[in-house]
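Beneath this line is the structure, given in structure tokens, with notes to follow.
What follows draws every value from the coordinates through simple rules; no lab data is involved. Predicted, not measured: the structure shown is a model, and the values here were computed from it. Ideal geometry is used to build each Cβ from the backbone, glycine not excepted, and the neighbour counts take in all protein chains shown.
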Amino acid sequence: MAAAGARPVELGFAESAPAWRLRSEQFPSKVGGRPAWLGAAGLPGPRALACALCGRPLSFLLQVYAPLPGRADAFHRGIFLFCCREPPCCAGLRVFRNQLPRKNEFYSYEPPSENPPPETGESVCLQLKSGAHLCRVCGCLGPKTCSRCHKAYYCSKEHQTLDWRLGHKQTCAQPDHFDHIIPDHNFLFPEFEIVIETEEEIMPEVVEKEDYSEITGSMGI
């Protein structure tokens, strides 16, 4: 049993969810896919997201929606965890936060709707509401652009090369048919929603004692 005054324990369960529930405007908690950033202010750049050991870009692992009660500037707050998944490194864990006040220029003051929006396409959004562009491979800030089409954004030369090999080479010269469906780069973790529930206190069961009087009497005790 939890100690008196202790905070309830929250458990997270990874479950499948439609794509619209994992977008930024839903303030999700989730595993894998691309990070659902809240805004551009304070986002980590390519240098901050490079593994300290091997130097390669870190992969987004999970995010948890964790607002701070009593903090107007953190009414919406997400905690983001990144890791290096390149063997033999597989280390370099880093944590970042991204937050906004309730009244902001990007999202409604009211809680997000529980109903799917009219347009629920599976295309990937690679631009924040603030206008910042994101890398086509990892979904982090993309300060670099393709020098030919100037429509594809990347966090690093490594991710630009990867995307070029896996399809952008064919669509780069056709700006009118620019691909909005991003190929599988085998860089992201599988995406799931984290459903958070509060652990209920387990009350000890009352065990009734059996009446042994009849048994002992029959035995002459």
query: Conditions: (1) part of a strand (DSSP E or B); (2) out of contact with any Cys (no Cβ under 6 Å at 6 or more places or on another chain). Arg34 meets all but one. Number of the miss?
result: (1)
- request: Please state which one of Phe106, Phe60 is out of contact with any Phe, Trp or Tyr (no Cβ under 9 Å at 6 or more places or on another chain) and aromatic (Phe, Trp, Tyr).
  value: Phe106
Residues satisfying the stated conditions in segment 139-157, i.e. surrounded by fewer than 16 Cβ atoms within 10 Å (Cβ to Cβ) and touching a Lys or Arg at 6+ places or on another chain (Cβ under 8 Å): Thr145, Lys157
- line: Among residues of segment 146-164 being out of contact with any Phe, Trp or Tyr (no Cβ under 9 Å at 6 or more places or on another chain) and part of a loop (DSSP other than H, G, I, E, B), the residue farthest from Pro57 (Cα to Cα) is Arg148
- line: In segment 19-58, anything more than 14 Å from the chain's Cα centre (by Cα) and over 19 Å from Gly142 (Cβ atoms) is listed as Ala52, Leu53, Cys54
task: Go through segment 82-105 and count every residue that is in a loop (DSSP other than H, G, I, E, B) and in contact with a helix residue (DSSP H, G or I) (Cβ under 8 Å, 6 or more places away or on another chain).
output: 2
- prompt: Would you pick out the residues in segment 42-62 that are touching a residue at least 60 places away in the same chain (Cβ under 8 Å), among the aliphatic types (A, V, I, L, M) and in a loop (DSSP other than H, G, I, E, B)?
  reply: Leu43, Leu49
